[in-house]
Each structure stands twice: as structure tokens, then as C-alpha cells.
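> I'd like to ask you about the structure that follows.
The values are calculated or read from the model by the stated rules, or taken from the named source; none is laboratory data. A quick note: this is a predicted structure, and the numbers were derived from the prediction, not measured. Counting neighbours? That spans all protein chains shown, and the Cβs are built from the backbone with ideal geometry, glycine included. These accessible areas exclude ligands, DNA and RNA; they are computed on the full protein's heavy atoms, side chains included. Shrake-Rupley method; radii C 1.70, N 1.55, O 1.52, S 1.80 Å.
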Amino acid sequence: MVDFYKKHRELIFILAAGISIGILGVCLACLGNPRNSGICISCFMENLAGSLGFHGNNRMQYIRPELMGFVLGGFASALAAKEFKSEGGSSPLIRFVGGMLLIVGCSIFLGCPIKMILRLANGDFTALAGLAGLVPGIWLGFVILRKGFYLGDPKPMPFVNGLVIPAAMIALLAAAIIQPDFLYWSQTGPGAQRASRTVAMTSGLFIGFLAQRSRFCITGSIGNFIVSGDRKMLYGLIAMIVFAFGTAWYKGFFVPGFEGQPGSHTSYLWSFLGMALVGVTSIMIGGCPFRQLILSGQGSADAGAVVLGMLAGGAVVQAWGITSNNMGPTLIGQVATLLGLAFVLALGITMRVRD
């Protein structure tokens, strides 16, 4: 048994991460989080930006303990495994903008890649348009990498740099518990739909710990299979889908169809393009929104720049009306998506290392 664990330890952690995200992603919605949105990094970032006063949508204002849990769980795992490394300095401004573009793409689709899977598991077939866009976006990202796109190597940095994002998450967790008057808290809408802080934080810590040990990443699992045929990470994604579907079915959350699905719209072209933007950007900056949180917890200042960019993106998509609604994307959202795609393609051309 011990030999089996040693031989298959990496795969065991990958499967455990996928299973935990699948089950808890549905259960958190059962326990109070928005329907089909038990876990959604982009939604959580928009909630956080609203609670901090960075936008005025009073329906999207809450400090989600899950966010803190993901980062701090990854932080604890990295410390336990002696993998915490304070490093960074490779194109931080580009990474910051990349973080913003991740949230722009997610807001057009109405969800991050994890929510996309949870929507599918709950029977929301409109999410297929997002999956159809994410896969070629990931493929395009790897094409850009093969053409020489390069943000630079991270370099060792003073230890305190790697502690900035974990320390900020501890401060936010304290704020979520104390709820000071200068922060904002939704009384209605998605921001008011929440699992208990204890359940949310515990779930986040558990998932974050497993995700750091396994290196689990939605875009990475698909990308590794496309590029090299490596199925190991893909098994985690498959496990996530299977267990999310099973949990949704058991809990009575599986409602198949295209119309009237919560947190979705039927503008399939824009769902496709929004997730394509997320896919290509994730590959170019080294991970999906969830993976960036985990990396920031293990000391990556580069991932920390992406996380701050995602927070800024959460503010911008709400304040400027970029995010979609159940009728589809707004005009400014469509323009932002096209500009975002143009921007990453321009980066792919101009930031190439030439022999």
C-alpha cells in the first residue's frame, strides 16, 4: 500500500483535488452560495471589489472566505512541503493586465472555468459555448508560446515579497469576521447568497491545500493533453466533472436545459469569445484564475500581480458595465472582449524571444 502511494502520489493528489472541487463546488451552492456558482473565482473577485468599495453594485458586495481559503491553503501546503519560494519580477505589469483580462473574459461568459464545469454538471447546456471557446483559446495560447512568447524568468526576491498576498488574505479574513463599517455588504442579490463563513473557509483551505500539492489547473489540464497527450492532469478534470455531476444529481440540482439557467445567457458567440480570451490569457501568463491564487499562496509575486489584476478587473467589469447579464453581453462588454483578444495577440507578436 505504501509503495502504491509513493508510485502514484501525484495522481492521487490530482484526483483528490478534482473530486474535492467537484463535490464542494456543488455543496457550497446547496449551503447558500448562488445556484450553479458554488465556486467562481471571477464572481468572488467582483464580490470582493464591491465590498472594498471599488464599484457601486450593491448586489455584488461580499468578502468570500473561499478566496482566502484557497490562498492560505496553498500557503500552508507550500510551507509543509518546503516549496514556498519568494520569487517574481517577470513582466509584472503585463501579468497585472492579464489578470484584468481574465476577469473581463469570465464576466462576458458569466463565470470562471471552474464555474463553467459546475454549470455543465448542473445541466446548464449554455456553458457548452464557453467550453467550445476555452479549448481553442488554450490551443492558441500554446501556439503563441511555441512562436517564442516569453515574459521572462522569475528571480529570487526578499522573503517578504512572497508573504504580501497571504498576509492580505489574512487581513481580509479578519475583515470578513469583524465586518467594519467602512466596508460594504450586500443585503440582496448574489452577494447576499452565501454559505456560512466556517464552511466556506474550511472548504477553501481544503481545496487550496490539495490544489497546491497537485498543481491542479483547469486550463493546464486541457493544455497538457492538447500539446503532449499527457492525461494525468486531465484525469483530475474528469474526476471533477463526474463528482460534480453526481453531487448535483444527488442534491436535486441537476436541471438540464438551455433556457432559464441561473447565472447564464444564450449569447453563444460571446460566451465562446469570452472563454477564448480566458483560455489564451491563462496559458500566456501561466495558469487559470484559480491556479493564480494558489501560486500567489506559495510565494509567487508574479501570480500576486495577476491576483491584484483580477481584483482590479472585478472592479472594472462592474463599474463600467462590462459584465454580461441574463440577456447577454452589453455593447461595452463586446468591445472589451474584442480589444482584449487584440491585445493578447499583439503581445504574442511583440514579446517574442528571437534567436
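> Straight distance only, please: which aspartates and glutamates reach the Cα of K155 with their own Cα at less than 17 Å, same-chain residues fewer than 8 apart left out?
E83, E87, D302
> Give me the net charge of S51's neighbourhood, meaning all other residues with Cβ under 15 Å from the Cβ of S51; Lys, Arg count +1, Asp, Glu -1.
Neighbourhood net charge equals +1.
> Choose one answer from G299, G314, G252: the residue with the largest mean-square fluctuation in a GNM of the chain with alpha-carbon springs under 10 Å.
G252
> Report the full-extension gain for the segment R352 to V255: residue separation times 0.36 nm, less the Cα-Cα distance, to one decimal in nm.
30.3 nm
> With every protein chain present, what is the per residue accessible area of segment 1-129 (1.4 Å probe, Å²)?
Per-residue value: 33 Å².
> Rounded to the nearest 20 Debye, what is the dipole magnitude of the chain about its Cα centre when Lys and Arg each give +1 and Asp and Glu each give -1 at the C-beta?
The dipole magnitude comes to about 500 debye.
> Give the relative contact order (percent, whole number) for segment 214-355; include only Cα pairs under 8 Å separated by 6+ residues.
Relative contact order for segment 214-355 comes out at 22 percent.
> Less than 15 Å Cβ to Cβ from A346, Lys/Arg counted +1 and Asp/Glu -1: what total charge do the surrounding residues give?
So the surrounding residues net to +2.
> Of F182, F225, F216, which has the largest mean-square fluctuation in a 10 Å C-alpha GNM of the chain?
F182
> Largest first, how would D230, D153 line up by accessible area (1.4 Å probe)?
Heavy-atom accessible area, descending, gives D153, D230.
> For segment 177-241 and segment 100-176, write down the distance between their C-alpha centroids in whole Å.
11
> With N denoting the number of residues in segment 272-318, provide Rg(C-alpha) divided by 2.2 N^0.38 Å, to two decimal places.
Normalised by 2.2 N^0.38 Å, the Cα Rg of segment 272-318 equals 1.15.
> Further question: On a full-extension model of 0.36 nm per residue, what is the gain between Q187 and I226, subtracting their alpha-carbon distance, rounded to one decimal in nm?
Taking 0.36 nm per residue and subtracting the Cα distance, the gain is 9.6 nm.
> Which ³J(HN,Hα) values in Hz, rounded to whole numbers, follow from the phi angles of segment 196-208 under the Karplus curve 6.51 cos²θ - 1.76 cosθ + 1.60, where θ = phi - 60° and Gly and Pro get x?
Along segment 196-208, the couplings run 4, 4, 5, 5, 5, 5, 4, 4, x, 4, 5, 5, x Hz.
> Full-extension gain between A171 and L128, please, as 0.36 nm times their residue separation minus the C-alpha to C-alpha distance.
11.7 nm
> List the aspartates and glutamates whose Cα sits under 18 Å from the Cα of K82, skipping any in the same chain fewer than 8 residues away.
Leaving aside aspartates and glutamates fewer than 8 places away in the same chain, those within reach of K82 are E10.
> Sorting C40, C27 by accessible area (1.4 Å probe), largest first, what list results?
Final ranking, largest accessible area leading: C27, C40.
> Same structure again: Along Cα→Cβ, 7 Å out, is where each label goes; now give me the distance between the ones at I332 and K85 in nm to one decimal.
4.1
> Given the -39500 (n - 2.57) contribution per DSSP H run of 4+ residues, what per-residue ellipticity at 222 nm results for the chain, rounded to the nearest 500 deg cm²/dmol?
The per-residue figure over the chain is -22500 deg cm²/dmol.
> How big is Rg to Rh over segment 124-246, alpha-carbon atoms, Rh as the Kirkwood inverse-mean-distance radius?
Using only Cα positions, Rg/Rh for segment 124-246 is 1.04.
> Where a Cα-Cα gap under 19 Å defines reach, which aspartates and glutamates qualify for K115, not counting those fewer than 8 residues away within the same chain?
E46, E66, D124, E259
> Now for a different question. Determine the relative contact order of segment 13-120: mean sequence separation of Cα pairs under 8 Å and six or more apart, normalised by residue count, in whole percent.
Relative contact order for segment 13-120 comes out at 33 percent.
> Over all pairs of distinct alpha carbons, what does the Kirkwood formula give as the hydrodynamic radius of segment 208-355, in Å?
17.6
> Let me ask something else. What order do Y250, Y62, Y150 take when sorted by accessible area (1.4 Å probe), most exposed first?
Y250, Y150, Y62
> Could you report segment 195-304's accessible area per residue, 1.4 Å probe, as an integer in Å²?
Solvent-accessible surface per residue comes out at 38 Å².
> Probe radius 1.4 Å, ligands and nucleic acids ignored: give me the carbon and sulfur share of the accessible area of the chain as a rounded percent.
That share works out to 67 percent.
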